[in-house]
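Data first, discussion second: the structure below is written as structure tokens.
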Amino acid sequence: MPVSARRKRAIVEMKEGILDAASELFIHKGYEETTLRKIAQAIGYNPATIYNYYGNKEEIFYALQRRAFTKFYEEFEPLRASNLSGIEKFQLMGKTYVEFALSNPHHYQLMFIMQKPMNAAERLDPEWKIGLKNHELLTEILDQCNKEGSMNLPDLTVATFMVWSMVHGIVSLVIMDRCHTIEESQIHHVIDQVRQYFSSLLQKTMTI
């Protein structure tokens, strides 16, 4: 018997409610301390209800990562369709990355900072397709910069990892509240200056 539109909507809402509650618990209690029972308690349901939607905690975490990476991927859609130069795309991608991470710190922690559940998600998606799309976009943009002559990066694998590591390091320090040497009111300004400085280092004068 076909599932009615109302029932489908109820299923989607229930799954989203489970994910929202689980996200809060994962961030504030940690992966190990979060259980299906605690998730069920947070939404006011019997633990057995959770199994109607997710088989275990790993599936819930993977669903959270997939949701976060989908949102992350959508932020870069304008870049994929643009006619900007490579260096313009590079600068815009860095700005977009930082803005997404700092505006969605819970998403970012679930995506890139929590180690153990990241390994669990990779077992469910061995090729880690949900996390590679933007990595591939960065490589394409750096390659475009090479071809246009604005950068000289012989090893795109190394260059892509270096760029991601730099931006990831910056936003992780902010999200984890490790920027005590910088006045809070100045953090966004400093990050913007660092991005611009790093971009200028990569342009033409730098060979990897």
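The values are calculated or read from the model by the stated rules, or taken from the named source; none is laboratory data. Small disclaimer: the values here were computed from a predicted structure and weren't measured. Note: ideal-geometry Cβ built from the backbone for every residue, glycine included; neighbour counts use all protein chains shown.
General observations
- Counted as qualifying within segment 1-76 are the helices (runs of 4 or more DSSP H) with 1 or more residues that are in the same structural domain as Met111 (by TED's automatic domain parsing) and touching a residue at least 24 places away in the same chain (Cβ under 8 Å), namely 57-75.
- Some residue of segment 2-16 being in contact with a helix residue (DSSP H, G or I) (Cβ under 6 Å, 6 or more places away or on another chain) and of a type outside the set (D, E, K, R): no
- Here is the figure for segment 21-52: residues that are buried (at least 16 other Cβ atoms within 10 Å of the Cβ) and within 19 Å of Gln65 (Cα to Cα) total 11.
- Qualifying residue in segment 185-197 (condition: of a type in the set (Phe, Trp, Tyr) and surrounded by 13 or more Cβ atoms within 10 Å (Cβ to Cβ)): no
- Here Ser82 meets the list (1) more than 24 Å from Pro105 (Cα to Cα); (2) free of Cβ contacts under 8 Å to residues at least 12 places away in the same chain; (3) assigned to a helix (DSSP H, G or I); (4) not acidic (Asp, Glu) almost entirely, failing just condition (3).
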